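*Asks:* Following this message is one structure expressed as C-alpha cells.
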Amino acid sequence: MKVIKTTKLLIVDDEQSVRNSLRLGLEPCHYEIQEASSGKEAVERATIFAPDLIILDLCLGDTDGLQVLKDIRKWSNASILILTVRDAESDKVQLLDAGADDYLTKPFSLSELMARLRVLERRTYAGEINQPIVKYNGFEINFVAQTVQIDCREIKITSTEFQLLRILVQAAGKVISAKALLAQVWGDAGLENPHYIRIYIGSLRKKIEKNPSLPTFIITEMSVGYRFNMGRLP
C-alpha cells in the first residue's frame, strides 16, 4: 500500500473568518492544519507543531508579521508564504530577504493560493535541488560538468551565466530577489552595479528560452526578483 505523506500546514491570521475560509478550502487537499491568531501564538505553534508549510498574514494584531517571519526563520526551514495587502517593491524585497519563500498580494483566489502551495510543497519534500543533473521539459543542467542542454542540444554559456542559472535552478519555484542574486554572483561589485542582473538574465533567456520575450523557465516577479519555473505556469 502506498503511503501518502500528509503535509503539516500552519495558518497564521488574526481574523477567524479568514482562517475558517482557508481551512475549508485546503483541508480537502489532505493538509494537516493548525491555526494561530497572533504572532506570539504563531511562533509557539511553529515550535511545537513543526509545520512543513506556513501561511503567514503580514498584518497581525499583536505584532508585525515580518517580525514573526524573522523569529521563525531563525531556526525553521519551513516554506513560508506571506499574505499581504502591501504591493510596493521595497516591501516585497524586504520579505524575500527576510526569508519568505513566496508571497500573495490580497485579494487572491483559492486556486492561486493552492498553486503556490503545491510549488512550495514540492520544494519541501525535495529540499533544495542538489542532484548532479536536473532535467525538466527539454531543459537539462549538469552541475558537475557545468553544461546546459535544451532539447539535447548543448548551449554555450559563460561561467557567470552558469553560476546565476545554478542558483535559480537549485531554488526552483522560489522567488529570489535581484539583490540576493547580485550579492551571490557578483558580491559587492554586483550591489554597486544592479544593471548586471538585467543584462545576464536577458542573455540567458536568449540562450535557453524558445521565446525570450515570453519566457517559460526564468520568470520575472515584477520589480522584485526572479523564479525558475519547474511546473508552475508563469
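*Asks:* Can you pull out every residue in the range 133-154 that is β-branched (Val, Ile, Thr) and crowded, with 16+ Cβ neighbours inside 10 Å?
*Replies:* Val134, Ile141, Val148, Ile150
*Asks:* Filter the range 39-64 for residues that are of a type outside the set (A, V, I, L, M, F, W, C), in a helix (DSSP H, G or I) and modelled with pLDDT of 90 or more and give the result.
*Replies:* Residues satisfying the conditions are Gly39, Lys40, Glu41, Glu44, Arg45.
*Asks:* Quick check on my filter: what residues within the range 43-65 are of a type in the set (A, V, I, L, M) and within 24 Å of Ala115 (Cβ to Cβ)?
*Replies:* Ala46, Leu53, Ile54, Ile55, Leu56, Leu58
*Asks:* Could you look through the range 96-119, keep only residues that are hydrophobic (A, V, I, L, M, F, W, C), part of a helix (DSSP H, G or I) and closer than 25 Å to Asn20 by Cα, and pick out the one that is modelled with the lowest pLDDT?
*Replies:* Val119
*Asks:* Further, regarding this structure: Can we say Leu182 is in contact with a strand residue (DSSP E or B) (Cβ under 7 Å, 6 or more places away or on another chain) and buried (at least 20 other Cβ atoms within 10 Å of the Cβ)?
*Replies:* When the stated conditions are applied, Leu182 does not pass them.
*Asks:* Answer yes or no: is there a residue in the range 192-203 that is in a strand (DSSP E or B), surrounded by 20 or more Cβ atoms within 10 Å (Cβ to Cβ) and not β-branched (Val, Ile, Thr).
*Replies:* No, because not a single residue in the range 192-203 is in a strand (DSSP E or B), surrounded by 20 or more Cβ atoms within 10 Å (Cβ to Cβ) and not β-branched (Val, Ile, Thr).
*Asks:* Please go through (1) surrounded by fewer than 16 Cβ atoms within 10 Å (Cβ to Cβ); (2) at pLDDT 85 or above; (3) within 22 Å of the chain's Cα centre (by Cα); (4) farther than 20 Å from Glu221 by Cα for Gly127 and return the number of the only condition it doesn't satisfy.
*Replies:* All conditions are met except number (2).
*Asks:* A follow-up question, please. Would you check if there is a residue in the range 206-226 being part of a helix (DSSP H, G or I) and either touching a residue at least 12 places away in the same chain (Cβ under 8 Å) or touching a Cys at 6+ places or on another chain (Cβ under 7 Å) (or both)?
*Replies:* So the first thing to find is which residues in the range 206-226 are part of a helix (DSSP H, G or I), and the list is 206-208.
Next, from what is left, pick out any that are either touching a residue at least 12 places away in the same chain (Cβ under 8 Å) or touching a Cys at 6+ places or on another chain (Cβ under 7 Å) (or both): 207-208.
Yes - at least one qualifying residue is present in the range 206-226.
Okay, residues lined up against (1) in contact with a helix residue (DSSP H, G or I) (Cβ under 6 Å, 6 or more places away or on another chain); (2) of a type in the set (A, V, I, L, M); (3) surrounded by fewer than 23 Cβ atoms within 10 Å (Cβ to Cβ); (4) under 29 Å from Ala180 (Cβ atoms):
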site	(1), (2), (3), (4)
Val18	no, yes, yes, no
Ser21	no, no, yes, no
Pro28	no, no, yes, no
Glu32	no, no, yes, no
Ser37	no, no, yes, no
Pro51	no, no, no, yes
Ile54	no, yes, no, yes
Leu58	yes, yes, yes, yes
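*Asks:* Determine which single condition Lys92 fails, assuming it passes every other condition in (1) surrounded by 12 or more Cβ atoms within 10 Å (Cβ to Cβ); (2) modelled with pLDDT of 85 or more.
*Replies:* (2)
The values are calculated or read from the model by the stated rules, or taken from the named source; none is laboratory data. Since the model is a prediction, treat every value here as computed from it, not as a measurement. Backbone-built Cβ (ideal geometry, glycine too); neighbour counts: all protein chains shown.
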